[in-house]
Amino acid sequence: MCGRFVAASDPEGLVRFFVVDDRKDDDLPPNYNVAPTDPVGAVAEHGDSRYLVTFRWGLVPPWASSPKAAATMINARAESVLQKPAFRDAARRRRCLIPADGFYEWRVDGDGVKVPHFIRRSDRQPMAFAGLWESWRDQNTGTAPLRTCTIITRAAQGPVAALHDRMPLALDPHHWEAWLATDTPREEVLAILHADPPELTHHAVSPRVNTVANNDAGLLEPAGKPAP
């Protein structure tokens, strides 16, 4: 699964990197410890334009009676996302990219201690997690819609397989256009869901990341590195 990640890149840099036409996001501050239900930046398309927008992490299907289940729907499995009722409509029509600088996973060491690791692209470029989004509205109050998202995961490969059995589905740039488009054939979407991951690297980090309240660039430093 993917339960924590880093989204600290400058929004204007993301606009250039993802070839975004316009910003409709909330100008979020850097987040070095993104947790479920946090607001996150995402890239989505509407018509012929590509936008940087803000979603809440944890998908709420439009038919849900309340948004309480969002914290349990932060991930969708690539193997079943086109079939599961909670995700299949979004998988056909509302796909997005969720920019990330990397993500965290935990491995149990020989003493039974869970050690956090930070995983990023080897070239240190931003990652583009494949995601889905939905718009949910409280039918009782008629308040503004709540826009939420989920991150698609796949079987872990490469160095991540030594840490966990799942990992986010990270897409290379040549997949972005087809993933975001609403008219991409199902067969092509299926192929993207099984795309090879980018080259990744990881290192152990401080257990400070275990506490969501800790949110600073120091979380990314290799474990044991002395403070400046």
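For the pair Arg137 and Val113, the difference between a 0.36 nm per residue extended length and the Cα-Cα distance amounts to 4.4 nm. Phi angles across region 177-188 convert, under the Karplus curve 6.51 cos²θ - 1.76 cosθ + 1.60 with θ = phi - 60°, into 3J(HN,Hα) values of 4, 5, 5, 7, 5, 7, 9, 5, x, 4, 4, 6 Hz, Gly and Pro given as x. Extension gain, Gln157 to Arg92: 0.36 nm times the residue separation minus the Cα-Cα distance gives 20.8 nm.
Couplings for region 190-195, taken from phi via the Karplus curve 6.51 cos²θ - 1.76 cosθ + 1.60 with θ = phi - 60°, read 4, 5, 5, 5, 10, 5 Hz in order; Gly and Pro are left as x. Spacing of the modelled spin labels on Arg124 and Ala35, each 7 Å from Cα toward Cβ, amounts to 2.9 nm. Coupling constants for region 99-109 follow from the phi torsions by the Karplus curve (6.51 cos²θ - 1.76 cosθ + 1.60, θ = phi - 60°), and in residue order they are x, 8, 8, x, 9, 10, 9, 10, 10, 7, 7 Hz; glycine and proline get x. Amide H contacts for Arg147 (H built 1.01 Å from N in the peptide plane; partners 5 or more residues away or on another chain; cut-off under 5 Å): Arg56, Trp136.
The spacing between region 91-135 and region 34-79, judged by their C-alpha centroids, is 15 Å. Put in line by how crowded their Cβ is, counting other Cβ atoms within 10 Å and starting with the fewest, Trp136, Trp179 read Trp136, Trp179.
Classify region 40-164 as rounded, prolate or oblate from the Cα gyration tensor: take a ≥ b ≥ c as the square roots of its eigenvalues, call it rounded if a/c is under 1.5, otherwise prolate when a/b beats b/c and oblate if not. Judged from the Cα gyration tensor, region 40-164 comes out prolate (a/c at least 1.5, a/b above b/c).
Taking all Cα pairs closer than 8 Å and separated by 6 or more residues, the relative contact order of region 24-162 comes to 25 percent. Look at [x] 12.4; [y] 16.9; [z] 13.2: the one that is mean projected area of the Cα convex hull in nm² derived from this structure is [z].
Bear in mind these aren't lab numbers, they're just calculated from the coordinates by the rules spelled out. Being a predicted model, the structure only gives us computed values, none of them experimental. Here the Cβ is made from the backbone with ideal geometry for all residues, glycine too, and neighbour counts use every protein chain on show.
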